[in-house]
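The values are calculated or read from the model by the stated rules, or taken from the named source; none is laboratory data. A quick note: this is a predicted structure, and the numbers were derived from the prediction, not measured. Heads up, the Cβs are rebuilt from the backbone with ideal geometry, glycines too, and the neighbour counts pull from every protein chain shown.
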Amino acid sequence: MTALVRRSRDPKPGEIAAWRAHSQRLWGEKHATPMEAFAHLGAVQSQEVLAYRLTPAMRAAPTEPGAPYAPLKAVDALIEDGTVLRTHVLRTTWHTVPAVDLRMMLAATADRVLQVHASTARSLGLDQAVLVRGDEILADAARGRHLTREEASEALAEAGVADPTGQRLIHMLMHAELTEAICSGTPRGGKQTYAAFEERVPPGVIDRETAIRELARRFYTSRGPATVKDFTRWSSLKVADAKAAIADLDLESIDLGGRTCYFGVEPPEADEGGPVVDFVQGFDEMLCSYTDTKDWVLHHTLPIAKAAERPRFNSVILLDGQLVGHWKATVKAEKVVIDSYRHRGFTAAEIAAMRRGADRLRTWYGKDEMELGLGHA
């Protein structure tokens, strides 16, 4: 079904961010569990092993009195038992996805990601024959056990692969993930491990067209309103494939400031309750899902040039759903120290909202005390 096109209008400042925050369940009704949050988002960008777990936690209901989000242990349990898997998919970067969805995501995007991967692999002296052999060695070595990166390197070296270390090892592991030879195993001592794909991922077959359509549905229902290019840059798909999938979905669309955006969740009612500040990880889906419309990600009171600046800290402060600064947390025995830097000064109401947001973070870290730094430009 072709998406219904609504009339054009200019969005109000901050309107798109608020809409997206509700679509993603960062605001409004929370998911019952972190697993529901993972399933809704489809994929959570996961470069930072500790920080990425905040993304599903913030979108799921707490299980303990006074807690702001789902507990860390609930997210960790999903990782430990393989209900979700941290792997390379969608792009040449880490994502954590439900195990039941991994075949779908690879069917939709692996060919495109492998094209990007091939260029770097060649520059490292890894031709197709070496990569395919590496896939076989790694799948065999991981059968019945979960390998650390060091153990994977040893298995490759013992089989005669030259110099399976550094970037060569990283790209051999990535190729094996993208070709369904291996995927993530149970973490060991805080380290990523690798397991045989067929032992970790539920069986099933899905054709590429169906997979792309499901991936598009997941993206727009969890992240709308978003453009076609937001989706293609998130998924590495071609525009033609994205448009074909959208045409088959029951999505609605609206022209916002000259941009056609698709969505599956209606916009929320206007909220006059005052400013909201959220402390999110640096690769949160409120940020990384919208490469084409990144000007709507940056706070509307800031110049767009701020989006290109190297941040002082990696994690992000959202003011009313838009990027306004950055933060980092140092967890100590009795307290959590939160350093922050804002791209502009805050009003008294915004400072109060920031303290509330930081206090939610303190509670999630399980500390009784907090020290909050309030640096700004």
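At a glance:
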| read-out | value |
| --- | --- |
| Residue in region 342-352 that is on the phi > 0 side of the Ramachandran plot and either among the aromatic types (Phe, Trp, Tyr) or touching a helix residue (DSSP H, G or I) at 6+ places or on another chain (Cβ under 6 Å) (or both) present | no |
| Helices (runs of 4 or more DSSP H) within region 270-377 that include 2 or more residues more than 21 Å from Leu54 (Cα to Cα) and out of contact with any His (no Cβ under 8 Å at 6 or more places or on another chain) | 294-297, 348-365 |
| Among the candidates Asp271, Asp241, residue that is outside the structural domain of Gln115 (by TED's automatic domain parsing), over 19 Å from Gln24 (Cβ atoms) and surrounded by fewer than 23 Cβ atoms within 10 Å (Cβ to Cβ) | Asp241 |
| The one condition in (1) modelled with pLDDT under 95; (2) buried (at least 16 other Cβ atoms within 10 Å of the Cβ) that Cys288 fails to fulfil | (1) |
| Pair list, Cβ under 6 Å, 6 or more apart: region 43-71 residue within 22 Å of Met105 (Cα to Cα) and in the same structural domain as Arg86 (by TED's automatic domain parsing), other residue part of a loop (DSSP other than H, G, I, E, B) and of a type in the set (Phe, Trp, Tyr) | Gln45/Phe283; Gln47/Phe283 |
| Residues (under 24 Å from the mean Cα position of the chain (by Cα) and among the basic types (Lys, Arg)) located in region 104-147 | Arg112 |
| Positions within region 295-313 being at pLDDT 95 or above and surrounded by fewer than 17 Cβ atoms within 10 Å (Cβ to Cβ), in sequence order | Thr301 |
| Residues (part of a loop (DSSP other than H, G, I, E, B) and either free of Cβ contacts under 8 Å to residues at least 24 places away in the same chain or of a type in the set (D, E, K, R) (or both)) located in region 135-158 | Arg143, Arg145 |
| Only listed residue being under 24 Å from Leu90 (Cα atoms), among the polar types (S, T, N, Q), out of contact with any helix residue (DSSP H, G or I) (no Cβ under 8 Å at 6 or more places or on another chain) and not assigned by TED's automatic domain parsing to the domain that holds Arg233, chosen from Thr179, Thr148 | Thr148 |
| Exclusive hit being within 25 Å of Thr55 (Cα to Cα), among the basic types (Lys, Arg) and either crowded, with 22+ Cβ neighbours inside 10 Å or out of contact with any Asp or Glu (no Cβ under 9 Å at 6 or more places or on another chain) (or both), set Arg168, Arg223 | Arg223 |
| Conditions (1) surrounded by 14 or more Cβ atoms within 10 Å (Cβ to Cβ); (2) in contact with a helix residue (DSSP H, G or I) (Cβ under 9 Å, 6 or more places away or on another chain); number of the one not met by Ala157 | (2) |
| Residues of region 252-268 that turn out to be of a type in the set (A, V, I, L, M) and buried (at least 23 other Cβ atoms within 10 Å of the Cβ), as a count | 0 |
| Any hit, region 138-148, residues being surrounded by fewer than 17 Cβ atoms within 10 Å (Cβ to Cβ) and in contact with a Leu (Cβ under 8 Å, 6 or more places away or on another chain) | no |
| Residue that is in contact with a Phe, Trp or Tyr (Cβ under 9 Å, 6 or more places away or on another chain), modelled with pLDDT of 95 or more, within 21 Å of Arg20 (Cα to Cα) and outside the structural domain of Ala39 (by TED's automatic domain parsing), where the choices are Val336, Val324 | Val324 |
| Hey, Arg53 of a type in the set (Lys, Arg), within 11 Å of the chain's Cα centre (by Cα) and farther than 25 Å from Ile212 by Cα or not | yes |
